[in-house]
10 protein chains.
Amino acid sequence: MISIETFPNPKPDRKYVITHVNPEFTSVCPKTGLPDFGIITVKYIPDKVCLELKALKYYYLSYRDKGIFYEAVTNQILDDLVAACEPLEMEITSEWTTRGGMNSVIVAEYHKGE
Amino acid sequence: MISIETFPNPKPDRKYVITHVNPEFTSVCPKTGLPDFGIITVKYIPDKVCLELKALKYYYLSYRDKGIFYEAVTNQILDDLVAACEPLEMEITSEWTTRGGMNSVIVAEYHKGE
Amino acid sequence: MISIETFPNPKPDRKYVITHVNPEFTSVCPKTGLPDFGIITVKYIPDKVCLELKALKYYYLSYRDKGIFYEAVTNQILDDLVAACEPLEMEITSEWTTRGGMNSVIVAEYHKGE
Amino acid sequence: MISIETFPNPKPDRKYVITHVNPEFTSVCPKTGLPDFGIITVKYIPDKVCLELKALKYYYLSYRDKGIFYEAVTNQILDDLVAACEPLEMEITSEWTTRGGMNSVIVAEYHKGE
Amino acid sequence: MISIETFPNPKPDRKYVITHVNPEFTSVCPKTGLPDFGIITVKYIPDKVCLELKALKYYYLSYRDKGIFYEAVTNQILDDLVAACEPLEMEITSEWTTRGGMNSVIVAEYHKGE
Amino acid sequence: MISIETFPNPKPDRKYVITHVNPEFTSVCPKTGLPDFGIITVKYIPDKVCLELKALKYYYLSYRDKGIFYEAVTNQILDDLVAACEPLEMEITSEWTTRGGMNSVIVAEYHKGE
Amino acid sequence: MISIETFPNPKPDRKYVITHVNPEFTSVCPKTGLPDFGIITVKYIPDKVCLELKALKYYYLSYRDKGIFYEAVTNQILDDLVAACEPLEMEITSEWTTRGGMNSVIVAEYHKGE
Amino acid sequence: MISIETFPNPKPDRKYVITHVNPEFTSVCPKTGLPDFGIITVKYIPDKVCLELKALKYYYLSYRDKGIFYEAVTNQILDDLVAACEPLEMEITSEWTTRGGMNSVIVAEYHKGE
Amino acid sequence: MISIETFPNPKPDRKYVITHVNPEFTSVCPKTGLPDFGIITVKYIPDKVCLELKALKYYYLSYRDKGIFYEAVTNQILDDLVAACEPLEMEITSEWTTRGGMNSVIVAEYHKGE
Amino acid sequence: MISIETFPNPKPDRKYVITHVNPEFTSVCPKTGLPDFGIITVKYIPDKVCLELKALKYYYLSYRDKGIFYEAVTNQILDDLVAACEPLEMEITSEWTTRGGMNSVIVAEYHKGE
């Protein structure tokens, strides 16, 4: 796994919400070998550290040639970003472009201590 | 009933939400014999298995020549998909194009153990 | 009152929601005698029967030459449709085009047993 | 035919364009007896007189109970309004709500001296 | 204060919601003397009487030459309309066009008996 | 070929434009056997007759089980409708939903006497 | 007439286009005494001078209490602004909010030397 | 810190909500030295005083040349505005334009006495 | 160069227009090595053959790992597709997502015999 | 004047169109000293060289602290970019956010050899 850089939370005593939307995510369908395209949204309440924006971008780039299903990639990103910044709460939403006439959306959440 | 293929849930220990939107659904009005057109949205929390996208598409195709009312088709899809993947929760929404100057929407839900 | 045809609920053991939107409603302003135009939305949970779509359309047509205020027509439709299909819950929304530079919306609800 | 009031053009020596959009037009389908709903747009270059807005509204109301086809009503309105104000140029556009799953638009033009 | 006409609630035994949106409100900034423009929305549950639409329009017109701040006008309208129709609940929303590069929105509510 | 009913042009001495938009067209892909979905727009200047709306609808329905490519169906509809009503001018536009991540649009025109 | 301040065109040897859109115009209907609301757009090619933005705003304010018809106000603004800055070309568009269920738009143009 | 002018709350005995949206915020990225652009929304329930709109505008201008991260600027604005007007509740939302292909949103809240 | 499959034009005696929009194009910036994302639209009048949709998709995929500038990729696609199907006319439009705060669009055309 | 880097046109024998949209332009109003915000669009047909995107961005940044009117900045950008890349044709459009309740747009063009 790529390590994802973080920086100290500038206001650790306040619970506040950070959202980063990446409309340029692409991975590869493990069945067909063809590229998938999606919008990945990470929404979280930081604890001690915040995700560094450029590091997040490079983390997403690591999926460009990876064969992985929608359900798996969404849960994998949640696991990796939780490990990287240990937030109080985090939600990953992946919205995928039309395949076989259908659009898909996957949403997974993490709550510290649950 | 057509059998609907599934695959193992890649993250069975996390409750997360999967949505598939099919804007290309068509069935037949049992009264007039004319085609109906709608958008079918399935939204569910998987348990042990997930719905395979291509299998879902073929399941929807089986309605192309079937005469069935809005209210019945919505509940039938819910029954069939619940039987296929035994989810923790599932919601089917059908949105229909204008007939007689009116648009209709039907929403039906399933909650395991209720 | 016009009688409004119904048909048996195909899934009476499940609470689900049906919505019919009519963007072509017109009645007459009792003050000016000029036509009013609105969008009428009926949203309900059926019990034993469902509203038949064509019958609903003809019911709405009966207002075309009737002089009646926004507030009254909204409550009248709710009373008539509740009487016709005895639903578990029903909500009527009427949204009216601009009159005197103002747009109006009326929302009335029925809950069985309250 | 209803007579349509006009008023003197306040700037008869300049060719300029007036547009009135009526999104609340309704007439009756001569085949089914059911109401049709449309948006009527009149766009014209006045000569000696302009169409009075309230008179135009009442003219449109005269179609509320009239059975007439899309193509005929569009040409009839053009003929009547040209007769009423003798413009240099006029264009009538009628846009109709969905019937049988289809939307229709009719456009007819008049050019003085052609 | 202008008196605001009302009429008897046609369904006093049902709690339902009436909304009137006026996108053509204008008053005067007491600091600069320049006009302010806004959208005023009144949303209420009537008790014994309803606000008459034309009376409401004339009430709003009384602000056309009045110098008054956003926060004050919103609360004043709420006080005046509550006094006029003694509703069960009422909410006033004022949305103002850009001033100094900023848009403002004020929302004030009344609940009977609080 | 299905014969397509027409009716006499109510204003044959004026060149005017009629547009019918059908957002519910479906045919079958001859390669995969899967359904295609599109919006078909016919725009024409009538000569002696106009296309009857209900007949046009039934004509479109005849493609529901036909295997035919985008380019071919567009030109075929133009040929059939020109034969049916012999217009002065006609344009067919077909807009297709996403296949393989791509959207397609085909436009073909007919001009009498060219 | 209010005099309208101008400033020297910073690039008099190039024909270029300036547009100012005022969505906050209001005047008074001479028939009913009620306010009218519109969007006034001035689009012009300057010659020796440009219209000063603040002066233009104050010019528009002078209509706030003036009773004048749509067609007249549009032509009057064109005449006044042409007199103020003597442009090579100018176009005034006035778009009015709904009155009697109808929206109106007036467009008038000036071309130097015609 | 710049002092931010306030004025007495015109209705201190009612809890109501004021929102000011500034779509023209700009600060400087401390890493690259390049400008950042965002929309800052302040939403609050005033206690004894309200934020003066012009003073708020000048406060925002003080960030034009300041190097500061998204997370820090959002929390800093919340701290400064809370100090200035001591509201009952306040929420700051900052929405940032695309950087590195990603959009970011930060939301921070203050509740008196927590 | 990848060879791009074609099929015989089903209506070679009529000049008509085919458009294929690919919103999922991605290549690599030769300066930074980071991916670029764009929408590629090909619009053409076929002569003897048409572009096969699946072949076109695979042609676009060949850019996924190629370092190439916006201006070059647009002209290269035009050259390749003209060589593949020898159309009467063709236009390529590439619309690129935000880089450095800016959006770019490139349009290149081919006309046979010029 | 800042020098603006260019690179060789990859297809100098074809006339094609390049557009760069910068929605993050800001300069200073010379009258009030307050910032102006706008969208600057450059659209051009290159001759021997193209504008380098990053250089263009830095060129725009040089206006951040410059006091200059809308009309002047638009013409200045046109003059500077024409000097930098000597295009066959170029058009600059500047669209400005609301000031004094009005939006402004300026468009200036250059054609080589005129």
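Details
- Separation between Cα centres of segment G:45-92 and segment B:1-24, rounded to whole Å: 63
- Placing a pseudo-label 7 Å from each Cα along the Cα-to-Cβ vector at J:I68 and C:K15 gives an inter-label distance of 6.5 nm.
- Here segment A:64-114 is treated as an ellipsoid with the same Cα gyration tensor; its semi-axes, largest first and in whole Å, are 24, 13, 7.
- Each Lys and Arg adds +1 at its Cβ and each Asp and Glu adds -1 at its Cβ; summed about the Cα centre, the protein assembly as shown shows a dipole of about 0 debye.
- The peptide list E:20-32, H:28-40, put in order of mean Cβ contacts within 10 Å with the highest first, becomes E:20-32, H:28-40.
- Pairs of Lys residues in chain J are counted when their Cα atoms are under 15 angstrom apart and they lie 8 or more places apart or on different chains; the count is 8.
- When chain J is treated as a Gaussian network with alpha carbon springs shorter than 10 Å, the biggest mean-square fluctuation among J:V49, J:V73, J:V17 belongs to J:V17.
- ³J(HN,Hα), Karplus 6.51/-1.76/1.60, whole Hz, each residue of segment A:16-25, x for Gly, Pro: 9, 10, 10, 10, 10, 9, 10, x, 10, 7
- Kirkwood radius and radius of gyration were both taken over the C-alpha atoms of segment H:28-98, and their ratio Rg/Rh is 0.99.
- Mean residue ellipticity (222 nm) of chain I, computed from DSSP H runs ≥ 4 via -39,500 (n - 2.57), nearest 500: -7000 deg cm²/dmol
- Number of partner chain Cβ atoms within 10 Å, mean per residue of C:11-21: 6
- 9 Å beta-carbon shell around E:P12, net charge (K/R +1, D/E -1): +1
- Convex hull volume per residue in cubic angstrom - Cα atoms of the protein assembly as shown: 201
- Rounded to 10°, Cα long-axis angle of helix H:70-85 versus longest principal axis of chain H: 20
- Taken one residue at a time, the phi angles of segment F:38-50 give Karplus couplings (6.51, -1.76, 1.60, θ = phi - 60°) of x, 10, 9, 10, 10, 10, 8, 9, x, 9, 8, 10, 10 Hz. Gly and Pro are set to x.
- Shielding by other protein chains, E:68-74, mean Cβ within 10 Å: 4
- Inter-chain Cβ neighbour count for B:104-112, averaged per residue, equals 4 (cutoff 10 Å, partner chain atoms only).
- Residue closest to axis [chain A; rotation mapping onto I; Cβ; Å]: A:T26, 3
- Taken along the Cα-to-beta-carbon direction at a fixed 7 Å, the label points for C:V82 and J:A83 span 7.7 nm.
- Spin-label pair G:Y58/J:N103, simplified geometry with 7 Å Cα→Cβ offset, distance in nm: 2.7
- Footprinting exposure proxy for H:L61, D:L56 (fewest neighbouring C-beta atoms within 10 Å first): H:L61, D:L56
- Here chain A carries DSSP beta bridges of which approximately 95% are antiparallel, counting only pairs with both residues inside.
Every read-out reported here was derived from the displayed coordinates using simple, explicitly stated rules and does not represent laboratory data. Fair warning: this is a prediction, and the values are worked out from it, not measured in the lab. Cβ atoms come from the backbone with ideal geometry, glycine included; neighbour counts cover every protein chain shown.
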